[in-house]
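Student: There's a structure below that I have some questions on.
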Amino acid sequence: MRKAFKIIGAIIIFIVLLLLWFDQSRSFYCVDGNKYITVWKRSKGICYIIPDKYYGIFSPSNGYIKSTIDNAMTIYWTKSLPNTLIIKCGNDYTISNSSSKNKITIIDYNSDSTKYHAIIYKSSLIQFGAVKENVDFIDLGILEGYAKDKYGKNL
């Protein structure tokens, strides 16, 4: 009887550990050698997109984008706005900024699309959507788990 309880206990512990591992899995994407984005897909279809590498066990308290896992977005860095990310996303997301002055500020492109369009894109568009030289970006497909940089390279 004791052996049966040990086996059942071991199976339960294994299942719990497997669920924790699945919930804690995340992807790190690097752009330009020093800019990182953490994409942390959680249970119940929620995803956190966090500037820099995030290893925490619990959901971040601030400084993140919370989205559904079936979303896609583009994240821009520009030298004209240091310590700032501009995100362009369709729907189903919220932004939580950090109150610390040393942290990165996340800005919604749609809050003032005319202003941010002028910051990100070239005024004489040789090709549709051509970004300025001082702008880096990453295209994220959260559900599919892909990311591309401004040169179209898979990250």
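The values are calculated or read from the model by the stated rules, or taken from the named source; none is laboratory data. Quick caveat, the model's predicted, so the values are computed rather than measured. Positions of Cβ are backbone-derived with ideal geometry, glycine not excepted, and every protein chain shown enters the neighbour counts.
Student: Kindly check whether there is at least one residue in segment 36-47 that is of a type outside the set (A, V, I, L, M), over 21 Å from GLU144 (Cα atoms), in contact with a Ser or Thr (Cβ under 8 Å, 6 or more places away or on another chain) and not in a helix (DSSP H, G or I).
Tutor: As a first pass, look at segment 36-47 and keep what is of a type outside the set (A, V, I, L, M): 36, 38, 40-45, 47.
Still in the list and also over 21 Å from GLU144 (Cα atoms): none.
There is no residue in segment 36-47 that is of a type outside the set (A, V, I, L, M), over 21 Å from GLU144 (Cα atoms), in contact with a Ser or Thr (Cβ under 8 Å, 6 or more places away or on another chain) and not in a helix (DSSP H, G or I).
Student: Moving to a separate point now. Can we say GLY9 is of a type outside the set (A, V, I, L, M, F, W, C), over 30 Å from PRO82 (Cβ atoms) and touching a residue at least 12 places away in the same chain (Cβ under 8 Å)?
Tutor: Details: of a type outside the set (A, V, I, L, M, F, W, C): yes; over 30 Å from PRO82 (Cβ atoms): yes; touching a residue at least 12 places away in the same chain (Cβ under 8 Å): no.
Taking the combined requirement at face value, the residue does not satisfy it.
Student: Follow-up. Restricting to segment 90-127, name every residue that is within 20 Å of the chain's Cα centre (by Cα), under 21 Å from SER61 (Cα atoms) and not aliphatic (A, V, I, L, M).
Tutor: Going through segment 90-127, the residues within 20 Å of the chain's Cα centre (by Cα) turn out to be 90-100, 102-111, 116, 120.
Within this subset, residues satisfying the condition of being under 21 Å from SER61 (Cα atoms) are 92-100, 102-108.
Of everything in segment 90-127, those that are within 20 Å of the chain's Cα centre (by Cα), under 21 Å from SER61 (Cα atoms) and not aliphatic (A, V, I, L, M) turn out to be ASP92, TYR93, THR94, SER96, ASN97, SER98, SER99, SER100, ASN102, LYS103, THR105, ASP108.
Student: Sticking with this one: From the list SER67, SER80, which one is of a type in the set (S, T, N, Q) and modelled with pLDDT of 90 or more?
Tutor: Working: SER80 fails: modelled with pLDDT of 90 or more.
Going through SER67, SER80 in turn, just one is of a type in the set (S, T, N, Q) and modelled with pLDDT of 90 or more: SER67.
Student: Moving on. Specify the residue that is modelled with the lowest pLDDT; the eligible residues are those in segment 1-38 that are surrounded by fewer than 14 Cβ atoms within 10 Å (Cβ to Cβ), of a type in the set (S, T, N, Q) and touching a Phe, Trp or Tyr at 6+ places or on another chain (Cβ under 9 Å).
Tutor: Within segment 1-38, the match that is modelled with the lowest pLDDT is GLN24.
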